[in-house]
2 protein chains.
Amino acid sequence: MPVLHENLLMEMKKLTDEKRATSNETVLQQHSKDESHHTPVLPEVVVFPNSASEVSSILQYASNHQIPVVPFGAGSSLEGHCIPLQGGISINFQNMNKILEVREEDFLVRVQPGVTRTQLNQSLKKYGLFFPVDPGADATLGGMAATNASGTTSVRYGIMRPQVRDLEVVLADGSIIRTGGLAAKSSSGYHLTSLFVGSEGTLGVFTELTLKIYGIPEATVAGRAVFPSVKAAVDGAISLLASGNSLARVELVDEHSIRQVNRHSETSYPEKPTLFLEFHGNPAGMKQDVAFAEELLSANGSEDLIFETDSIKKAKLWEARHHLAYAFKHGFPGREMMLTDVCVPLSELTDAVVYARKLIENEGLNGGVLGHVGDGNFHSILMFDKNNEEETEKANRINEKIVEYALSKNGSCTGEHGIGIGKMKYLKKEHADTLPLMKMIKKQFDPRNILNPGKVLF
Amino acid sequence: MPVLHENLLMEMKKLTDEKRATSNETVLQQHSKDESHHTPVLPEVVVFPNSASEVSSILQYASNHQIPVVPFGAGSSLEGHCIPLQGGISINFQNMNKILEVREEDFLVRVQPGVTRTQLNQSLKKYGLFFPVDPGADATLGGMAATNASGTTSVRYGIMRPQVRDLEVVLADGSIIRTGGLAAKSSSGYHLTSLFVGSEGTLGVFTELTLKIYGIPEATVAGRAVFPSVKAAVDGAISLLASGNSLARVELVDEHSIRQVNRHSETSYPEKPTLFLEFHGNPAGMKQDVAFAEELLSANGSEDLIFETDSIKKAKLWEARHHLAYAFKHGFPGREMMLTDVCVPLSELTDAVVYARKLIENEGLNGGVLGHVGDGNFHSILMFDKNNEEETEKANRINEKIVEYALSKNGSCTGEHGIGIGKMKYLKKEHADTLPLMKMIKKQFDPRNILNPGKVLF
């Protein structure tokens, strides 16, 4: 049971105002969890700062009184990142949700951490620009930077880390720093921006981000290719990657997941391993890429191949992929969802996916496998009854085995969800060499261990 | 005058063998400098390890006896990185030049740090693959990672940092660690790979690198566009970038540089601001991109526009850009060359280049301006007589003013050459906020300050 701190609510009200700090039970509960299966823990106070200087005051106070602080964005994290394990203060960034500056000519945007990615893309549209990183959930950009999120488009545009040009960070002692600049390239000293991105709130709290943005591609084509086996689908994807074309998305969805989608959306997609594809480029290039893709995918055994350029049909096509988690939730009411997240070298992907599929079947759980195949990153969706010890153990066992498999192939225990609470023991294994260095850095940056304590590092 | 260490040569011979450690005057001189204008300093011993474990022994010895260690690749750095400022040991990696593994399907290659980029590309060719980062010089990959190099292709493929998937690093105390893995994506803890890349030998010594490689594009087109002014050329480049096409290179060369090229190569290029361009893609896409590029460049005032697909003509076209430094060296025999290197936000590039041009003219030095315009990164080539104090001062003054200008626009004091010796005072200005954190990290990683001491951080 976390320690309670006398006067904490009153002090937080003093640092913000009467309405922006609360211990209301409902609000505490909203900030006790994320979208993962991890057990909720209540914070003591939730505070809603309006500015970096308020965040700074909050951290100064927290530092002086050694009170844990956990930043909270959209709460869409998947490894318990924003669960206040040791109570203390949850900082909700909903008021810091302004798009501060669009620098069209520089392909940069400056935002507060509470801006969500769809909010950002809605405002960028009128400039013909967009922010590509798409983790599925409508996460905040602060949260996406904190976990080094990625998703469906990273095969083309890259993950979160290289998109972050500059960060305003409040350090544990309340000092406000800037880590980068506006230059597209720099070799100016140690790259601390890269260190903060992915640090999951354990090294500092982000109060502003400058992000790289892109011109909306002239043309996009979406496609769906159905295969007799997972192996054929992954091989097809790898052949596309090797051909060096304008692939912007390539997603694997297994037959079990398609079945859930059909049930949920009353569609009648063939219930077989399927690749969902997207190409970005110019119309002529697209046409040639799609023709070549058709050849390559057919050569790899694709039985049913559809390409769409019409925007409504494209959206419809991607619906299946986007609604997958909901389809499973609806398909198994009352059951909890565990989402595994590993990344393996591309050459190991087929075997890893087949292995995951077998594990799920052997344990007799309901679930699907889906993957950002272009990066070797895949997830299993495992449906289990949280109150049934055996089922919970089964889900944990599958997750553990999938991670161990990935690590045995020199892969990563987390492709994009982060370490949070759930992957700490695997980080220890994956990065045994660098863990002492990470700990050294954590100790220097946060000597009183107030920043999201109990996460990432043992 | 650096301190001499008794028995150092003998000890280094013991750790390697009789032939692989030397204090031969000529060899010491070869390791006293890089390609910059910075004053040479002799190391005490040069050692040529064959393996990480030899490097480890050398570092253990150096650590125990507090002897400075400087890694040496091709010696092509431009800010004095491999000058052994405090004497000690220069570690030459010429024996560690093996390509250890090409993982075709994973788009990865594992190399020793002494492999050069042209050596790598020659071996990758037969796989239809290539490594895109091209800083101009035939640098070693260890050196390129140490300085976070980039060059002409980063507008399309990115800079060095995101290409590095895994590093084997020998730390100051001799321990050998791995920082990454083979997964294309990972959110597993603090990203130490990104911290080591660009650390210029001050945090550890690289003994192996795993790098991302790419499929050779199906088609490339090279182009040259001549403009009435630098402003028109840069505006033309920005319009290309905004159109979201398959631009892989876009280089600005000013009229003074073209003049040197014409003199050096007996060519007759129009002596006006010129953009050199390259597109990578498929033939149909290329064609459409080039047609659109012609429209955009003409709209921005391009007077003379040539596109080539023939490989000999393409090579000829790029010669002018590639031979620029030599053209200047030949044009002004006996004079030293200073290369400035700043990066500004794209929207500030025109003014910054015009400003640099004016500075050179006002000071009355010979020189040119050239730039990786796609990234806002540009260089001035300044020719000066090292023995003439006034000329040296002029060159230094121009460099200083260009850097100050870039910093005033939230740019970087170094786009790609690194801090080394020459930019330490500007790093202090550019990253005043994070300098204390950098120092903290340096102190933790290298408590006895033996790793490339006197560089990067004051």
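Coordinate-derived values only; no laboratory data. Since this is a predicted model, take the numbers as computed values, not measurements. When we count neighbours, we look across all protein chains shown, and the Cβ atoms used for this are built from the backbone with ideal geometry, even at glycine.
Here are some notes:
- Computed label-point distance, nm, for sites B:F292 and B:D304 using a 7 Å Cα→Cβ extension: 2.8
- For the pair the stretch B:376-404 and the stretch B:310-333, the centres of their Cα atoms are 23 angstrom apart.
- For B:R448 and B:D385, a Förster radius of 56 Å and the Cβ-Cβ distance give a FRET efficiency of 0.90, rounded to the nearest 0.05.
- For the stretch B:8-94, share of DSSP beta bridges that run antiparallel, in % to the nearest 5: 20
- Unit Cα scatterers, Debye sum, chain A: log10 I(q)/I(0) for q = 0.07, 0.10 Å⁻¹: -0.36, -0.75
- The mean of 1/r over all distinct Cα pairs in the stretch B:238-289, once inverted, gives the Kirkwood hydrodynamic radius of 12.6 Å.
- Two-decimal Rg/Rh across the stretch A:1-94, once Rg and the Kirkwood Rh are taken from alpha-carbon atoms: 0.94
- Only Lys, Arg, Asp and Glu carry charge here, each on its Cβ (+1 for the first two, -1 for the last two); on that basis the stretch A:8-94 has a dipole of about 160 debye about its Cα centre.
- In the distance distribution for the stretch B:99-215, Cα-Cα pairs more than 21 Å apart total 31 percent.
- Flagged links, alpha-carbon separation over 21 Å, of A:K33/A:K98; A:K287/B:K316; A:K425/B:K185; A:K126/A:K313; B:K287/B:K313: A:K33/A:K98; A:K287/B:K316; A:K126/A:K313
- Spacing of the two label points (7 Å from each Cα toward its C-beta) at A:Q30 and B:N50, in nm: 6.7
- Based on the Kirkwood approach, the hydrodynamic radius assigned to the stretch A:382-447 is 13.6 Å, with every pair of different Cα atoms included.
- Cβ-placed point charges (K, R +1; D, E -1), dipole of chain A about Cα centre in debye, nearest 20: 680
- Note on B:369-382: average number of Cβ atoms from other chains within 10 Å of each residue's Cβ is 1.
- Angle in degrees between helix B:311-322 and the longest Cα principal axis of chain B, rounded to the nearest 10: 70
- Mean per-residue shielding of peptide B:272-284 is 3, counting Cβ atoms of other chains within 10 Å of each Cβ.
- When the charge dipole of the protein assembly as shown is built from unit charges on Cβ atoms (+1 for Lys and Arg, -1 for Asp and Glu) and taken about the Cα centre, the candidate among A:T22, B:A184, A:G114 whose Cα reaches farthest toward its positive end is A:T22.
- Taking amide H as placed 1.01 Å from N in the peptide plane, A:A248 has its amide H under 5 Å from the amide H of A:E278, A:F279, A:H280, each at least 5 places away in sequence or on another chain.
- Average other protein chain Cβ within 10 Å of Cβ, residues B:416-424: 2
- Nearest-ten-degree value, helix A:52-64 long axis tilted from longest Cα axis of chain A: 60
- Given charges at Cβ of Lys, Arg, Asp, Glu: the stretch A:8-94 dipole, positive-most of A:A74, A:I58, A:S32: A:I58
- Summary for A:E400: label point 7 Å along Cα→Cβ; distances to the equivalent points in the other copies, ascending, 6.5 nm.
- Relative contact order [Cα under 8 Å, 6+ residues apart], the stretch A:219-325, whole percent: 45
- Viscosity 1.002 mPa s, temperature 20 °C, Stokes-Einstein D of the stretch B:290-379 from Kirkwood C-alpha radius, µm²/s: 138
- A:D351 paired with B:T118, simple spin-label distance in nm, labels 7 Å along Cα-to-beta-carbon: 3.9
- Quick note on the protein assembly as shown: its Rg to Rh ratio, both from C-alpha atoms and Rh being the Kirkwood radius, is 0.97.
- P(r) histogram, all alpha-carbon pairs of the stretch B:66-148 included - 5 Å bins from 0, percent: 3, 15, 24, 22, 16, 9, 6, 3, 2, 0
- P(r) tail, the stretch B:332-430: Cα-Cα pairs separated by more than 20 Å, 32% of all pairs.
- Degrees between helix B:283-299 axis and first principal axis of chain B (Cα, 0 to 90, nearest 10): 70
- Pseudo-label separations to other copies for A:K313 - Cα-to-Cβ vector, 7 Å, nm: 3.9
- Set of aspartates and glutamates near A:K231 by C-alpha distance (under 12 Å), chain-local residues within fewer than 8 positions excluded: A:D254, A:E348, A:D351
- Of all chain A residues, the one whose C-beta is nearest the axis that brings A onto B, in angstrom: A:G285, 1
- Equivalent-ellipsoid semi-axes for the stretch B:219-323 (Cα gyration tensor, √(5λ), whole Å, largest first): 21, 17, 10.
- Cβ-based exposure ranking for A:I67, A:I176, A:I312, B:I91, in which fewest neighbours within 10 Å come first: A:I312, A:I176, A:I67, B:I91
- The residue among B:I402, B:L427, B:T414 whose Cα reaches farthest toward the positive pole of the charge dipole of the stretch B:332-430, with charges on the beta-carbon of Lys, Arg, Asp and Glu, is B:L427.
- Computed over the stretch B:156-300, the convex hull of the alpha-carbon atoms projects to a mean area of 12.4 nm².
- When the C-alpha to C-alpha distance is required to be over 27 Å, the pairs from A:K401/A:K428; A:K14/B:K439; A:K272/A:K394 that qualify are A:K14/B:K439.
- Fewest-first sequence of A:L277, B:L296, A:L167 by Cβ atoms within 10 Å of each Cβ: B:L296, A:L167, A:L277
- Computed about the Cα centre, the dipole magnitude for the stretch A:332-430 is approximately 200 debye when only Lys and Arg (+1) and Asp and Glu (-1) carry charge, each at its Cβ.
- Copy-to-copy label distances for A:K386, where each label lies 7 Å from Cα along Cα-to-Cβ, are 7.1 nm in order of increasing length.
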